[in-house]
Structure formats: structure tokens, C-alpha cells
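Peer 1: Before I ask anything, let me first share the structure, which is written out below as C-alpha cells.
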């Protein structure tokens, strides 16, 4: 019997695996899972029946649509995939997508190490790591015209910029399954910097302010003159005493506040880690739809690319601003009595 492993059953769209019970249409040769064929009771490849072609001839014509030079050969199973393919049609391994002319280049060289698709989770970019969502995508063939909740893959790719395979996988999963959670390690560890890097300004500002507030007791503890002298091996640290030495670290109130704020800080990280990718998806969707709705724009993709992408500059700026705000918060702790008196 012919080997149909890796080919697709047109009834259920699943790829045939070793050991599957497969039957073929006696007229055109189209393969089916036996259960799929029995469910329909006939071959549903009507196009082949009308043209008089066989399934094998159609497969050869499909392969002839792209040359061997343009094909993307899967490094895992050796299948030759069309140039507009992000994932191997047989085994689902993420691939580099070759394009020509004005077509959008969504991928990178599959052998580019951690920066390309040789990594099955597309974690080449440090601000987009995480495996969640990829199993859903492993058998999905992605093309630029594919719809994701009203916008095309090409438009989302323009907005995302770097690390497209990972985020496209996440976006498609959110759209198809209505899920809202995944997990971003960078969103968990550095939520405010993740948001600014991805140009999510509102989320970045909120996360920054909450992080400063929730880590303030820990900063007070760290900058207390007694703790600094211990860390410095008994060296004089009186220069820091003007900031936090008037805070009683052994008091029950401070310990309670410290623990509550620590739990709140951890909760903030967990929430951001779980929902960061979904919020990014909603921001991308909103920005793309707004760009397309504006009149007088001949090429909305250019506007989408300008609004999207990434910014290391914003990320670094947010680090500096957060450090300055933290120092101001510590000064406010020092002069809290005077500040409260001023507003009375």
C-alpha cells in the first residue's frame, strides 16, 4: 500500500500518521481515514472527479507550483514545503518562510540558531519567550492572507516585527480558542520593561507604578543603614542614614506591610506573566483596525509597522525613569511627616 504518512485527510484536515487506518477513493485515489470516509459515505474531492484527474496527479501539480530552490525543506522530516509556510505541513516544525518580490518575509533562516526557527519555540528574541501556544500551531499552515479575528496574518506580522512565529502562534490560538492566558517568562520577570519594549504604553505605566509601590518596603529594608553596613562588612554607611534610618524595621506594622506588599508584587508578576501576551494581542488588533480605518492612507501596512515593532530605547528609558521614581519614593518616606503636614 502507498505511504500516505504526512499527507492530509481532506475530510478532517488531520495529517496521516504511521499506523492510521487509511482507505482511498477507488475513482480518484484520494486518501481518507476510514472513519472519515465512512462518515461521508463517498469521496468528497469533487474537484478531482469533475476534472478527471487523480489524487497523485494533483499532488504532483501542487509540488510543481514551486521549485526545489524556493521550497523550504524541513530539517526534521525532510518534507519540501511551499515558500509561504511557517510550519512544516507534515510534522509541524517551525520553518523559515522564503518569499520573493513584494511578498512579506515573515521568517528567518531555519539554521540561524537561537535567533531563527531552529529553536522550535521561536525564542530568538529575549522579549518574547515562552512555549505556551505552540502545540496548537504545530499542524497549522500559515499564509499572509490567513484571517486572525478580522485582520490578516500579514498585518499582524507587520505590527509584531521581531519574533513573529511565536506571537503569530499565540494570536491564532487566542482567536480560535477564545483563550486569554498563556505564559511569558519576560512578562513575569520584568513586566513593565516587557510592555514598554512592545510599545504597550498604558500597561507599562500601570505596571511601573504598581511595581514601585509594591517594592517600596523592600527598598526601605535594603537601604536601611544597618543592613547596608552589614553588606559592606561593617564599613561606615552613614551617608544612607538620611533616607531610611527613621524607619523601625522591627516593628510589627512594617513587617506586616512588607509581607503584604511582597505578596502583592508576586501577584502582579504572575498576572502579567499569564496575560501579557493576550494584552499584546488586543493592542495589536486595536492598532491594526485603527490604522486601516483611517482615510487617506494608501498603504496601511506602513502605518501598522510604525505603530508596532519594538523599542529598546523605551525599555532603557523606563529603567532609568523607574530608578529615579524609586529614589523619589524613598525621599518621600524620609520626609513623609513634612509632606503630610504640607497638605493639611
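Peer 1: Restricted to segment 129-167, and to residues that are modelled with pLDDT of 90 or more and within 11 Å of the chain's Cα centre (by Cα), which residue is surrounded by the most Cβ atoms within 10 Å (Cβ to Cβ)?
Peer 2: Result: 160.
Peer 1: I'm checking my understanding of the structure. Among residues of segment 203-245 that are surrounded by 13 or more Cβ atoms within 10 Å (Cβ to Cβ) and outside any helix (DSSP H, G or I), which one is modelled with the highest pLDDT?
Peer 2: 224
Peer 1: Go through the residues of segment 290-304 one by one and say whether even a single one is at pLDDT 95 or above, buried (at least 18 other Cβ atoms within 10 Å of the Cβ) and within 20 Å of the chain's Cα centre (by Cα).
Peer 2: No, that holds for no residue.
Peer 1: Could you tell me whether any residue of segment 27-36 is crowded, with 18+ Cβ neighbours inside 10 Å, modelled with pLDDT under 85 and on the phi < 0 side of the Ramachandran plot?
Peer 2: So far as segment 27-36 goes, no, none of its residues is crowded, with 18+ Cβ neighbours inside 10 Å, modelled with pLDDT under 85 and on the phi < 0 side of the Ramachandran plot.
Peer 1: Can you tell which of 334, 344 is closer than 24 Å to residue 213 by Cβ, surrounded by 15 or more Cβ atoms within 10 Å (Cβ to Cβ) and at pLDDT below 95? Reasoning before the result, please.
Peer 2: Details: 344 fails: surrounded by 15 or more Cβ atoms within 10 Å (Cβ to Cβ).
Being closer than 24 Å to residue 213 by Cβ, surrounded by 15 or more Cβ atoms within 10 Å (Cβ to Cβ) and at pLDDT below 95 holds for just one of 334, 344, which is 334.
Peer 1: Could you tell me whether segment 56-74 includes any residue that is at pLDDT 75 or above and assigned to a helix (DSSP H, G or I)? Outline the logic, then answer.
Peer 2: At the first step, the residues of segment 56-74 found to be at pLDDT 75 or above are 56, 72-74.
Of the ones still in play, those that are also assigned to a helix (DSSP H, G or I) are 56.
Yes, there is a match, as at least one residue in segment 56-74 is at pLDDT 75 or above and assigned to a helix (DSSP H, G or I).
Peer 1: With the checklist (1) in contact with a strand residue (DSSP E or B) (Cβ under 8 Å, 6 or more places away or on another chain); (2) at pLDDT 75 or above in hand, flag the one item residue 94 doesn't pass.
Peer 2: Going through (1) in contact with a strand residue (DSSP E or B) (Cβ under 8 Å, 6 or more places away or on another chain); (2) at pLDDT 75 or above one by one, residue 94 breaks only (2).
The values are calculated or read from the model by the stated rules, or taken from the named source; none is laboratory data. Owing to the predicted nature of the structure, the values given are computational and were not obtained by experimental measurement. Cβ sites come from the backbone with ideal geometry, for glycine too, and all protein chains shown count toward neighbours.
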